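Q: The structure under discussion is supplied below as structure tokens; questions concerning it will follow.
No value in this document is a laboratory result; all are computed from the given coordinates. All values reported here derive from a predicted model rather than from experimental measurement. FYI the Cβ positions are ideal-geometry reconstructions off the backbone, even for glycines, and counts take in every protein chain you see.
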Amino acid sequence: MDTTSYHSGLTVLGLPAERGRWLLIPLGTSVLLCLGSVYAWSVFRTPLEAELNIGATASLLPYTIALVCYAASMPIAGFCIPRVGTRTMTAIGGVVVGLGYILASFATNIWLITCAYGVIAGTGVGIAYGVPVVVAARWFPDKKGLAVGLTIIGFGLSPLITAPLENYLVETYTVRPTLRIMGFAFMLIVLAIAITLKLPPRIGNPASIWQLQRLLSPKLSPKFAQKPIILRTVVLLCNWHADRLERDWDFQPRW
């Protein structure tokens with residue numbers, strides 16, 4: 001098989017894969033930016049304390065439960081991703097997060113808010129969080145650390161962006177309309193981006209691993225091609241074996 005022509009028509013968002021794959025990073029960052037808004041709960045605490053006549057401990061409960069549900073749902077989501085698909089899991093996570101915000105806006109006490117924001121929205125974050133990370137890692141076998149690092153920036157920076165926006169909306173429209181606005185916005189943004197979050201073609205043998213990496217990183221290929229045949233064979237077999245382990249044990253999606 002001619003390795004130079006393998007997957008020569010592979011494109012990402014209408015561009016050749018080598019260039020188009022870079023667009024997946026800001027898209028994944030945008031998804032995590034929406035999900036990371038869960039950390040901006042402090043914006044809602046003071047108004048809710050005054051409205052519901054509750055203390056600081058009670059007002060912190062939705063945020064605490066959201067973190068617990070987020071952490072608990074991630075392993076389950078990781079098990080489901082290869083069976084459901086990256087785009088479907090992202091869409092489900094976006095809908096669940098948005099639904100949690102929207103339901104919280106109609107809740108009449110802190111316990112219902114905890115169920116909506118903490119349990120539902122927190123679970124939605126855990127469902128969708130892993131997909132942009134996996135997509136970035138798979139499309140950048142040569143720059144995996146850089147790609148994943150740039151993608152998860154969105155999650156960490158989210159409170160710096162969403163908190164001022166939410167604070168402005170709370171001052172303008174009060175708490176409950178703000179929760180509804182953010183819920184619908186997050187749902188629509190994540191659903192729109194979910195369509196683009198696909199993985200590279202399935203890799204099933206050492207040759208195709210080499211061919212995919214040649215396509216995505218052509219500048220690295222000549223150097224590797226000059227290595228001794230034994231070294232190249234060992235590296236390719238190790239990559240193939242690692243790929244099999246990822247598919248069978250790490251529960252990372254293939255498509």
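Q: In sequence order, what are the phi-derived ³J(HN,Hα) couplings for the stretch 173-181 according to the Karplus relation 6.51 cos²θ - 1.76 cosθ + 1.60 with θ = phi - 60°, rounded to whole Hz, with x for glycine and proline?
A: Using θ = phi - 60°, the values come out as 10, 6, 5, 5, x, 5, 4, 5, 4 Hz.
Q: Which of Phe140, Leu179, Thr114 sits closest to the plus end of the dipole of the stretch 35-190, meaning its Cα is farthest towards the positive end, when Lys and Arg get +1 and Asp and Glu get -1 on the C-beta?
A: Phe140
Q: What is the pair-distance distribution P(r) of the stretch 21-194, computed from all Cα-Cα distances in 5 Å bins starting at 0, with each bin given as a whole percent?
A: 2, 10, 18, 22, 20, 13, 8, 5, 2, 1, 0
Q: Here's another thing I want to ask about it. Taking H placed 1.01 Å from N in the peptide plane, check which residues at least 5 places from Val12 or on another chain put their amide H under 5 Å from its amide H.
A: Here Ala17, Gly20 satisfy the definition.
Q: May I pose another question? With Cβ to Cβ distances under 12 Å as the rule, what net charge do the other residues near Val175 carry (K, R +1; D, E -1)?
A: That sum, taken over residues with Cβ under 12 Å, equals -1.
Q: Let me ask another. Give the span of the stretch 1-82's Cα atoms along each principal axis, as three whole-Å numbers ordered largest to smallest.
A: Extents along the principal axes, in whole Å: 70, 25, 11.
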